[in-house]
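Computed from the coordinates by the stated procedures, all read-outs in this text should not be read as laboratory data. As the structure is a computational prediction, the values presented were derived from the model and not from experiment. In this analysis, Cβ positions are derived from the backbone assuming ideal geometry, glycine residues included, and neighbour counts consider all displayed protein chains.
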């Protein structure tokens, strides 16, 4: 029997760990992973016994964004199905961002695209020194619209504008500087640091923490309604289905530069 793409475990304290479980693909998400994550978040949000949620990735990487093979498949969908695929990403990010209990992420290896978006959606983010981040969607001709609201919340508009439009990668030190992560912790110490923060989290009254989190997001207009999510999903699938989106995905799969990117000599192929 095939393992679930999201593994859940709960300890006696009510701390739930959700592990993204596609290590052979760098925990890149596809329809199955998004469905499993969404279902878990919806169920756990209604479970009064949950005190905190920890998000992590199996293997070397946290989450390498959207699975490029899945994106190529989705690009051939009819408009309604393509929209639903984009909405699945938008919905997963919204549920994590607005989850009613404290959320934490432990980031190792790659956190690219939507994987970086997941980091933007948690309350506390820890990274190991070797972690690498990037809002890399534009490099393959698509747009990070499903995570656009959360990336601005996490790192501010100024930094989001830079990294979302350049697609450049940055290290854990830079992620700390811009506010994407809260601490950079040596790999040998990160589990102990996670436990220490969870100890602090569990000192907070669950109801008070939930109200505080909802208030912070609500009063600053940082929650998404159905109409906003639909707009973000629409923008995402339209760009993905565009000529740029198709060329970018093809170039990535063929391990070549897309037509809009100059080669090493500064020439363009497109």
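What 222 nm value per residue comes from the helices of the chain, counting each DSSP H run with n ≥ 4 as -39,500 (n - 2.57) and dividing by all residues, nearest 500 deg cm²/dmol?
Calculated mean residue ellipticity at 222 nm is -14500 deg cm²/dmol.
Would you work out the relative contact order for the chain, in percent, from Cα pairs under 8 angstrom that are 6 or more residues apart?
It rounds to 18 percent for the chain.
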- So for the pair residue 226, residue 212, with labels modelled 7 Å out along Cα→Cβ, what separation do we get in nm? 3.3
- When the distances between all Cα atoms of region 173-242 are binned every 5 Å from zero, what whole-number percent does each bin get? 3, 12, 10, 12, 17, 16, 13, 10, 5, 1
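Using mean Cβ contacts within 10 Å as the protection proxy, how do 215-224, 57-66 order, highest first?
Listed from highest to lowest mean packing, they are 57-66, 215-224.
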- Query: Could you give P(r) for the chain, binned at 10 Å from zero, as whole percent values over all Cα-Cα pairs?
  - Reply: 7, 30, 37, 19, 5, 1, 0
- Item | the chain: most fluctuating residue of 188, 214, 52 per GNM, C-alpha cutoff 10 Å | 188
- Using only Cα atoms, tell me the angle between helix 243-253 and the longest principal axis of the chain; keep it within 0 to 90° and round to the nearest 10. 80
- Relative contact order (percent, whole number), region 97-252, Cα cutoff 8 Å, 6+ residue spacing: 29
- Projected-area average for region 1-131 over all orientations - Cα convex hull basis, square nanometres: 8.3
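For an R0 of 25 angstrom, estimate the FRET efficiency from the Cβ-Cβ distance between residue 9 and residue 176 and round to the nearest 0.05.
Step by step, r from the Cβ atoms, then E = 0.35.
If we sort 174-182, 90-98, 42-50, 70-78 on the protection proxy, mean other Cβ atoms within 10 Å, highest first, what's the order?
By packing density, highest mean first, the sequence is 90-98, 174-182, 70-78, 42-50.
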- Given the options 129, 102, 146, which has the most mean-square fluctuation in a GNM of the chain, springs set between C-alpha atoms less than 10 angstrom apart? 129
- Message: Full-extension gain between residue 205 and residue 235, please, as 0.36 nm times their residue separation minus the C-alpha to C-alpha distance.
- Response: 6.9 nm
- Rounded to the nearest 5, what is the percent of antiparallel bridges among the DSSP beta bridges in the chain? 30
- Report, to the nearest 10°, how far helix 206-219 tilts away from the longest principal axis of the Cα atoms in the chain, using its own Cα long axis and a range of 0 to 90°. 40
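Hey, with R₀ at 22 Å, roughly what FRET efficiency would residue 195 and residue 60 work out to, going by the Cβ-Cβ distance, to 0.05?
Working from the Cβ atoms, E equals 0.50.
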- If we restrict to alpha carbons, what Rg and Dmax does region 114-235 come to, in Å? 15.8, 45
- Please sort 29-39, 111-121 by packing, taking for each peptide the average over its residues of neighbouring beta carbons within 10 angstrom, highest first. 111-121, 29-39
- Query: Among the DSSP beta bridges whose two residues both lie in region 1-152, what percent are antiparallel, rounded to the nearest 5?
  - Reply: 20
- Message: If I model a spin label as a point 7 Å beyond the Cα along the Cα-Cβ vector, how far apart are those points for residue 168 and residue 45 in nm?
- Response: 3.6
- How many nm separate the modelled label positions at residue 35 and residue 263, each set 7 Å beyond the Cα in the direction of the Cβ? 4.3
